[in-house]
Amino acid sequence: MWVGIVYKVLLFFPLVKAGVLGWKYKYSAQNYLFFYFLITATNEWVSFVRDWYNPDVKVGLQYNLYFIFCIIFFSIYLKEHFLGWIGKISLILTFLSLSYILFFTTFHGQEFDKKIGIIIIIFYILNSLLWFYQKIAFFDEYKITDDPAFWIFTALLMWSCFFLFRVTPMFYFAKEDNEFLQFLRVGQNVINVVMYLLFYIALLKFENKLKHTTYAG
């Protein structure tokens, strides 16, 4: 329980940091990450409050729509980072992901559709691997850890690998081993904490980059 609260409180740090950077420089300078954090924090706190009042409330539709938002947001975010044929592959992945969700899932239902969870995992993993491939194949003189995108894609890749382990058997364990399911939830919240710490580092890298650009100008 407490890990989940820590995660939700921690969400405010990148949200506020992204808001300050957006106010000082422009939201486009951070690839509009502020809006991703705003929607994410709102989604998590609404879910938390609803669960607090009614533990049996169904939040499947809420998370189905949230994951669709994530795919759309990061497809826009990725346009700034991919070149040539890599960008085309990423665009195809977005089209296939959204098409599959539209025609082969119950995204409008009250229950969470685990197929949507699997789709976003595949979307994150493949796009993260494409970015790392591009970074290695088209070498530049800048340190990879100075690139804000490095921290973003590392976070998404890490989150996806754990979420794959959680979402695939989640309905089986809900019936057969609820204690282990709770363990997976705690583990997911720990991964979420690490993920948003990495996102915060990405924002610090954005800030450093923007300061140098401002001073250079």
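Every number here is computed from the coordinates shown, using simple stated rules; none is lab data. Keep in mind that this is a model prediction, so the values were computed, not measured. Here the Cβ is made from the backbone with ideal geometry for all residues, glycine too, and neighbour counts use every protein chain on show.
Using alpha-carbon positions, what is the distance between the centroids of segment 94-147 and segment 1-55, in Å?
Value for the Cα centre distance between the two parts: 21 Å.
Going by a ≥ b ≥ c, the root eigenvalues of the Cα gyration tensor, does segment 80-158 fall in the rounded group (a/c under 1.5), the prolate group (a/b larger than b/c) or the oblate group? Before the final figure, lay out each step's value.
Numbers: a/c = 3.83, a/b = 2.06, b/c = 1.86.
The shape class here is prolate.
I need to check one value: relative contact order of the chain, counting alpha carbon pairs closer than 8 Å and at least 6 residues apart, in percent.
Averaging sequence separation for qualifying contacts and normalising by length gives 26 percent for the chain.
Check each of the GluC sites (Glu not before Pro) in segment 63-151 and keep only those in coil by DSSP with at most 11 other C-beta atoms within 10 angstrom; list them in order. The partial results should precede the final answer.
Details: sites: E80, E111, E141; in loops: E80, E111, E141.
The qualifying sites are E80, E141.
Between V186 and K115, what FRET efficiency follows from the Cβ-Cβ distance if R0 is 22 Å, with the result rounded to 0.05? Walk me through the intermediate numbers first.
Details: r = 24 Å, r/R0 = 1.11.
After rounding to 0.05, the efficiency reads 0.35.
If one takes the longest principal axis of the Cα atoms in the chain, at what angle in degrees, from 0 to 90 and to the nearest 10, does the Cα axis of helix 114-137 lie?
Helix 114-137 and the main axis of the chain meet at about 20 degrees.
To the nearest 10 degrees, how steep is helix 148-167 against the longest Cα principal axis of the chain, on a 0 to 90 scale?
20 degrees
Which residue, I92, I101, I72, tops the fluctuation ranking in a GNM of the chain built on C-alpha contacts under 10 Å?
Checking each option, the largest mean-square fluctuation is seen for I92.
For segment 5-13, take each phi angle, set θ = phi - 60°, evaluate the Karplus expression 6.51 cos²θ - 1.76 cosθ + 1.60, and give the result in whole Hz per residue in order, putting x for glycine and proline.
In residue order, the calculated couplings are 5, 4, 4, 5, 5, 4, 4, 5, 5 Hz.
What FRET efficiency, computed as 1/(1 + (r/R0)^6) with R0 = 25 Å and r the Cβ-Cβ distance, is obtained for F103 and T42, rounded to the nearest 0.05? Could you put the intermediate results ahead of the total?
Details: r = 28 Å, r/R0 = 1.13.
My answer for the efficiency is 0.35.
Work out Dmax and Rg for the chain from the C-alpha atoms and quote the Rg first, both in angstrom.
Radius of gyration, then largest Cα-Cα span, for the chain: 18.0, 62 Å.
If I take R0 = 25 Å and measure r between the Cβ atoms of L83 and K58 in this structure, what FRET efficiency does the formula 1/(1 + (r/R0)^6) give, to the nearest 0.05? Write down the numbers at each step before the final one.
Values: r = 43 Å, r/R0 = 1.70.
E between L83 and K58, to the nearest 0.05, is 0.05.
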